[in-house]
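Trainee: Dropping a structure here in structure tokens format, bear with me for questions.
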Amino acid sequence: MSAAADRIGTRAPAFGYWERMLAGRYLRAKRSQGGVALISIISFIGIMLAVAVLIVTMSVMNGFRHELLSRILGFNGHIFVSGGVLDGAERDPAVERIRKVPGVVQAAPVIEAQVIAMGPTQITGAIVRGLSARDLAATPIVAGNLTRGSLRPYGQGEFGGDAIIVGERLAQALGVSAGDTLTLVSPSGGATAFGGTPLQKPYTIAATFSAGMSQYDQAYIFMPFEQAQLFFGREGTADAIEVRVRDPDEALELKGDVGRAAGPAGLVSDWTQRDASYWGALQVERNVMRLILGMLVIIAALNIISGLVMLVKNKGRDIAILRTMGAGQGSVLRIFFMTGAMIGLAGTAAGLALGILISAYIGPIQTFVEWATGQAVFSSDVYFLNQLPSKIDWVEVFGIATFSLLMSFLCTLPPAWRASRLDPVEALRYE
């Protein structure tokens, strides 16, 4: 009796050497030898691509959420206080109390209004945010992304000065730059006996900024807080107190503390309430994409079934011989299970490597594609961001790998179980 027969007869351990050897041999067998190498390769490629696409897509969507969250909330704040606390002498003490709340990193009164911006080449609408020099310097998304000029003139001189900060895209559209003069028209600047009248005033551009989101770079102008009060006729008041916290996800928990610090006259809301529909739609889209691409992994894993069914049919004589030599049903099941599991394991590993590699180098890949095609594949005017973002979530990557392996193993079980139930007599009858 051969060594393999001796091992079978002595009840070799589960998933032992001879079982792994036969599984590997069946996986490598050519079609002329009754193997299904081509189908195995197709199954491997399918699983690899499905896993890679799922990782890349979820990494890009995670990158979108991270970039949008950091830029939108970095620009607009996390908690907002409005109501009677904004009027008169109550505002400044309320701001100081809010700044002392644990977890709060910044609290600033702001004014926000629409204006008409008149440049030498064009006239367009814009949004002015009135913010003090101290608070603007503490806003990294603006102060840390100046493209021209300096913050030094901002907020200097009588009533806060006439220096403003303009978004880079807006400045380009208007044909102005740092050091130039920009005329702003407020629809409700002056109050008369006949109501509000437009107020027109020239301002010096101290600097331009690029926040990395086109909707801000092409629409926003920063003006000293006191100057904005005068320009929009809002002396002694503000539109809101914007509060930034250490972690945006903790805004809901800190909202109560901020409300108590603001006082009974303050009305408090957070970023999830202001943009509830937007962030809700983003989360739904993320979940739907995960579901759709997860189905691709299942479809790719189903190819293993067709390959193993053909392999079992072609190897019916071998199965019968193994059974007559003493191999149990469990041994046959494990052999064919490992054959299919190897495909799933190899495909998942290759997909993980490919997906992580593409996600990590998505920027250079985008640059190369745009260079090769001569067209922008990711327009900032459409997607708000200047480049395709990517953020690898390792917990999610682990979940994708686990899901892919689980589907591969489950798809392997039916044909492996069928092989283990094969009757040796029936298998050898027509041999």
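Trainee: Give me the net charge of Arg260's neighbourhood, meaning all other residues with Cβ under 12 Å from the Cβ of Arg260; Lys, Arg count +1, Asp, Glu -1.
Mentor: +2
Trainee: Report relative contact order for region 187-312 in percent, whole number only (criteria: Cα-Cα under 8 Å, sequence separation at least 6).
Mentor: Computed over region 187-312, the figure is 13 percent.
Trainee: Can I ask one more? Return the carbon/sulfur percentage of the accessible area of region 50-158, one whole number, probe 1.4 Å, all protein chains in place.
Mentor: 54 percent
Trainee: Could you tell me which of rounded, prolate or oblate describes region 166-268, using a ≥ b ≥ c as the square roots of the eigenvalues of the alpha-carbon gyration tensor, with rounded for a/c under 1.5 and, failing that, prolate when a/b is larger than b/c and oblate otherwise?
Mentor: It is oblate, given that a/c is not under 1.5 and a/b is not larger than b/c.
Trainee: Which value, in debye to the nearest 20, gives the size of the charge dipole of region 222-347 about its Cα centre, when Lys and Arg are +1 and Asp and Glu are -1 at the Cβ?
Mentor: Using only the charged Cβ atoms, the result is roughly 1400 debye.
Trainee: Over the Cα atoms of region 107-157, what Rg and Dmax result, in angstrom?
Mentor: Spelled out, the Cα radius of gyration and Dmax of region 107-157 are 12.8, 37 Å.
Trainee: When ranked by the protection proxy of mean other Cβ atoms within 10 Å per residue, highest first, what sequence do the peptides 167-173, 288-294 form?
Mentor: Packing proxy ranking, top to bottom: 167-173, 288-294.
Trainee: Could you do me a favour and compute the accessible area per residue for region 63-135, 1.4 Å probe, result in Å²?
Mentor: Solvent-accessible surface per residue comes out at 42 Å².
Trainee: Suppose all protein chains stay in the model; what accessible area per residue would a 1.4 Å probe give for region 169-318, in Å²?
Mentor: Ligands and nucleic acids excluded, the result is 47 Å² per residue.
Trainee: Okay, moving on. If I ignore ligands, DNA and RNA and count only protein heavy atoms, how much of Asp162 is accessible to a 1.4 Å probe, in Å² to the nearest 10?
Mentor: Approximately 70 Å² for this residue.
Trainee: On to the next question. So what's the Cα pair-distance distribution over region 90-132, bin width 10 Å, in %?
Mentor: 24, 32, 21, 17, 6
Trainee: May I pose another question? Once phi is turned into ³J(HN,Hα) by the Karplus curve 6.51 cos²θ - 1.76 cosθ + 1.60 with θ = phi - 60°, what whole-Hz value does each residue of region 141-155 show in order, with x for glycine and proline?
Mentor: Per residue, the Karplus-derived 3J(HN,Hα) values read 5, 9, 4, x, 10, 6, 9, 8, x, 8, 7, 4, x, 5, x Hz.
Trainee: Another one. Once you list every other residue whose beta carbon is under 14 Å from the beta carbon of Glu396, what net charge do they have if Lys and Arg are +1 and Asp and Glu are -1?
Mentor: Result for the local shell: +3.
Trainee: Ok, one more. Quick one: which residues, 5+ away or cross-chain, put their amide H under 5 Å from the amide H of Tyr203? H built at 1.01 Å from N.
Mentor: Amide H neighbours of Tyr203: Leu182, Thr183, Leu184.
Trainee: Looking at the square roots a ≥ b ≥ c of the eigenvalues of the Cα gyration tensor of region 56-215, which shape do they give, rounded for a/c under 1.5, prolate if a/b is larger than b/c, or oblate?
Mentor: Oblate shape, in that a/c is at least 1.5 and b/c is the bigger or equal ratio.
The values are calculated or read from the model by the stated rules, or taken from the named source; none is laboratory data. Computed from a predicted model, the values in this text were never measured in an experiment. Note that each Cβ is placed from the backbone with ideal geometry, even for glycine, and that neighbours are counted across all protein chains shown. Only protein heavy atoms, including side chains, enter the accessible area calculation; ligands, DNA and RNA are left aside. Shrake-Rupley method; radii C 1.70, N 1.55, O 1.52, S 1.80 Å.
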